[in-house]
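Have a look at the structure below, then the notes.
The values are calculated or read from the model by the stated rules, or taken from the named source; none is laboratory data. As the structure is a prediction and not an experimental result, all values here were calculated from the model. With ideal geometry, Cβ positions are generated from the backbone for all residues, glycine too; neighbour counts draw on all protein chains shown.
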2 protein chains.
Amino acid sequence: MTLPFSIDERHRIHTTQLDVPPRLLLGPGPANVHPRVLAAMSLPTLGHLDPCYLELMDEIQTLLRYVWQTDNPMTISVSGTGSAAMEATLANVLEPGDVILVGIMGYFGYRLADMASRYGADVRKLTKAWGEVFSLDELREGLETHRPAVLALVHAETSTGARQPLEGVGELCREFNCLLLVDTVTSLGGVPVFLDKWGIDLAYSCTQKGLGCPPGLAPFSMSPRAWDKLQKRRSPVANWYLDMNLLNRYWGSERIYHHTASSNMNYGLREALRLAAEEGLEQRWQRHQNNARLLWEGLADLGLVCHVREEFRLPTLTTVRVPEGVDSKAVARQLLTDYNIEIGLGLGELAGQVWRIGLMGYNSRRENVVLLLEALRKVIANGKAIDIVN
Amino acid sequence: MTLPFSIDERHRIHTTQLDVPPRLLLGPGPANVHPRVLAAMSLPTLGHLDPCYLELMDEIQTLLRYVWQTDNPMTISVSGTGSAAMEATLANVLEPGDVILVGIMGYFGYRLADMASRYGADVRKLTKAWGEVFSLDELREGLETHRPAVLALVHAETSTGARQPLEGVGELCREFNCLLLVDTVTSLGGVPVFLDKWGIDLAYSCTQKGLGCPPGLAPFSMSPRAWDKLQKRRSPVANWYLDMNLLNRYWGSERIYHHTASSNMNYGLREALRLAAEEGLEQRWQRHQNNARLLWEGLADLGLVCHVREEFRLPTLTTVRVPEGVDSKAVARQLLTDYNIEIGLGLGELAGQVWRIGLMGYNSRRENVVLLLEALRKVIANGKAIDIVN
């Protein structure tokens, strides 16, 4: 072969066969993946317009509607991670100048506000201490003051472990004629979510938490009301990749090529959703609740305090206050090196103050709780002479 | 568990265990995946900040630099498909009002223009018949006329099978003080690409073609010149998910969380890149060339005509003119149902006029060429009484 230049070999490194440690992922996500999901992902790749793949897309849509409890036709998996689907909700309904009211009670509220401002929206913020949630009265006051086109809330704030109650918020948004956008990244598949009954117009999630898949895809759903706002836009959606007008022509009956969707990733998502349908939502939510309670009791036995009060505490993700004099990073590092257990550190305002412990999807199991508690007890006790019961 | 509503079971479908047909993917992509890549993908999931995963990210960066022949520090895998990385190149360097000159000689040139206009750029088009390429003189004339901030070209136009020569274009862009943006979706890993020596400032690709991975990630690279334009922006990057300022803080030394990258997908990409490093670029490009030549000779023996003249024909993707009186869709359908072979149909202006045959990555093998040619001969001969040699 005649080449115009000689090949530069400097970056041609020779790596070993990949080997990864058997981590137990008990942080804010990803969680460990059900073996059936990994097995499904390694089936042969299909083309993104193969009749067999199109059938699988339909199954994914139906099963996503089940886990989200929605009839929304536009319910799909976005070819990106949860943050891409977050951006998709905003990019499709916000036009420059639209007022959006964002409820900020942690890191991901700020992210919503940041993204929305990049699309030229007039961003108004309703803030709350990290770990608390908004009351219905506070939301009403916010809507009265700001009269937004969209109210954005985080159902399960991954940075704080707080669960924002959503009962009555949909009615409120209808009263004020605005769309309700909700982050269900850390709730879908682990915590009760009723998209339609709660009147949620735009929702996004991820695959790697309550659904027990690897990261890489992101569930997205929009109601007919949100679809209507999209159709009435005066400007095109700035984000081509996430433009639901285009994606609808691929996911809907037209089957027009948009991008090359990942069949292997969607095999995994289908299997994860199939597992959820086999288990049943109520059973699944109950399992998450039971194992979280076991964790909370065990933490209390160790003298550790949860950051969020129980009423609003997420069963999927628990923030635990770091005791005085304990180095949170050192503890997390030792859990990883000595026990192959990953837990999360505090983010943003809670950096250094909490650990984040996830029990999500396939990982919400009694044996994981028992192991974590015992490992945590040993690590904290070894590291520092603090008062740990036992 | 007390629930506010009863669970709607209508979408709780019970699906069978996933089984997919063993397709031979000889269309425009995805191609079949090397078994070692699928095996790597099913290793246990790692957290996106796990020290072992961070090491793997470094390896991916180095190996991407090898296959692209670049030293660009900002060389990463975007958590989306090729179209997301395409959008990333534009979103990061274009500001509202910036002039971009797009060379359009097929479908993906139009996509670039569409995306660029959504970011408020002043889009100028240089067009060419589908299947042809631009000469250096035509590009010079375009630059003289439009004085753009960015010149965007498609190296390997997946809709036409044409290879745009890039020798001298980088020098031209420096002369006119503009950035050179190049689509290498259907060239990377199969066709010579010399990012640095050709003076390419922004490049994107996909994983599912020449690299032999499933779709789902997208290689992205930007030169220090392009990085400089990003740093001098007056407005923030509208696209949060693809903002390279933020992604650099994750891929660079800071390791600040941005999104939850897919460890499993990146395991696959690492293995695919490792295979490329084992084979060596020159060997790999030569293999693609050899098998393409075998295909072209076989097509000629069947009396079939390639759409692009040989000088500019891509070895990775061949467009074949559909003979008079033959239904291109029926032939493709029969190849799929009778032989499990997927080939592509014509796109855009070439709809109904060509088939698109891909020999990419792991699929660029002699046995695939032989099988396809024989299956194609039988299907065309059976379907229509047309003159096929033999």
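Key figures for this structure:
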| read-out | value |
| --- | --- |
| Residue check, B:Leu195 under 30 Å from B:Gly358 (Cα atoms), within 14 Å of chain A (Cβ to nearest Cβ) and more than 16 Å from the chain's Cα centre (by Cα) | no |
| Unmet requirement for A:Glu271, which otherwise passes all of (1) part of a helix (DSSP H, G or I); (2) over 23 Å from the mean Cα position of the chain (by Cα) | (2) |
| Those residues of the range B:2-58 which are at the interface with chain A (Cβ under 7 Å from one of its Cβ atoms), in contact with a helix residue (DSSP H, G or I) (Cβ under 6 Å, 6 or more places away or on another chain) and in a helix (DSSP H, G or I), in sequence order | B:Ala40, B:Met41 |
| Among residues of the range B:342-369, those that are in contact with a helix residue (DSSP H, G or I) (Cβ under 7 Å, 6 or more places away or on another chain) and among the hydroxyl-bearing types (Ser, Thr, Tyr), counted | 1 |
| Every pair of residues 6+ apart whose Cβ atoms lie under 7 Å, when the first sits in the range B:229-253 and is on the phi < 0 side of the Ramachandran plot and of a type in the set (Asp, Glu) while the second is surrounded by 21 or more Cβ atoms within 10 Å (Cβ to Cβ) and part of a loop (DSSP other than H, G, I, E, B) | B:Asp243/B:Val237 |
| B:Ile380 closer than 12 Å to B:Leu26 by Cα, outside any loop (DSSP other than H, G, I, E, B) and in contact with a helix residue (DSSP H, G or I) (Cβ under 7 Å, 6 or more places away or on another chain) | no |
| Every residue from the range A:100-139 that is acidic (Asp, Glu) and more than 21 Å from A:Thr186 (Cα to Cα) | A:Asp122, A:Asp137, A:Glu138 |
| Checking A:Leu335 against (1) touching an Asp or Glu at 6+ places or on another chain (Cβ under 8 Å); (2) part of a strand (DSSP E or B), the condition it does not meet | (2) |
| A:Gly210 vs. criteria more than 13 Å from chain B (Cβ to nearest Cβ) and touching a residue at least 12 places away in the same chain (Cβ under 8 Å) | yes |
| Filter result for B:Ala261 (touching a Phe, Trp or Tyr at 6+ places or on another chain (Cβ under 7 Å) and closer than 27 Å to B:Ala116 by Cβ) | no |
| Check on A:Glu297, assigned to a loop (DSSP other than H, G, I, E, B) and surrounded by fewer than 21 Cβ atoms within 10 Å (Cβ to Cβ) | no |
| Contacts under 7 angstrom Cβ, first residue in the range B:51-69 being of a type in the set (Phe, Trp, Tyr), partner surrounded by 19 or more Cβ atoms within 10 Å (Cβ to Cβ) and in a helix (DSSP H, G or I), 6 or more apart | B:Tyr53/B:Ser263; B:Tyr66/B:Ala277 |
| Only one of B:Ala272, B:Ala277 that is farther than 18 Å from A:Leu217 by Cα, at the interface with chain A (Cβ under 8 Å from one of its Cβ atoms) and at pLDDT 95 or above | B:Ala277 |
| Those residues of the range B:33-53 which are of a type in the set (A, V, I, L, M, F, W, C), surrounded by fewer than 20 Cβ atoms within 10 Å (Cβ to Cβ) and touching a Pro at 6+ places or on another chain (Cβ under 8 Å), in sequence order | B:Cys52 |
| Within the range B:247-265, considering residues that are facing chain A (nearest Cβ under 10 Å) and more than 22 Å from B:Pro28 (Cα to Cα), the one surrounded by the fewest Cβ atoms within 10 Å (Cβ to Cβ) | B:Tyr257 |
| Helices (runs of 4 or more DSSP H) contained in the range A:70-182 and holding at least 3 residues in contact with a Gly (Cβ under 9 Å, 6 or more places away or on another chain) and either of a type in the set (Asp, Glu) or surrounded by fewer than 23 Cβ atoms within 10 Å (Cβ to Cβ) (or both) | A:136-146, A:169-175 |
| Conditions (1) touching a helix residue (DSSP H, G or I) at 6+ places or on another chain (Cβ under 8 Å); (2) in a loop (DSSP other than H, G, I, E, B): number failed by A:Leu372 | (2) |
| Single match in B:Glu278, B:Glu324, B:Glu310, B:Glu282 (criterion: farther than 30 Å from A:Ser6 by Cα and among the acidic types (Asp, Glu)) | B:Glu324 |
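Listed here are the residues, each with its yes/no results for (1) within 28 Å of B:Glu310 (Cβ to Cβ); (2) touching a helix residue (DSSP H, G or I) at 6+ places or on another chain (Cβ under 6 Å).
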position: B:Asn92; (1), (2): no, yes
position: B:Ile100; (1), (2): no, yes
position: B:Arg111; (1), (2): yes, no
position: B:Arg118; (1), (2): no, no
position: B:Leu126; (1), (2): yes, yes
position: B:Glu132; (1), (2): yes, no
position: B:Glu138; (1), (2): yes, no
position: B:Leu143; (1), (2): no, no
position: B:Arg147; (1), (2): no, no
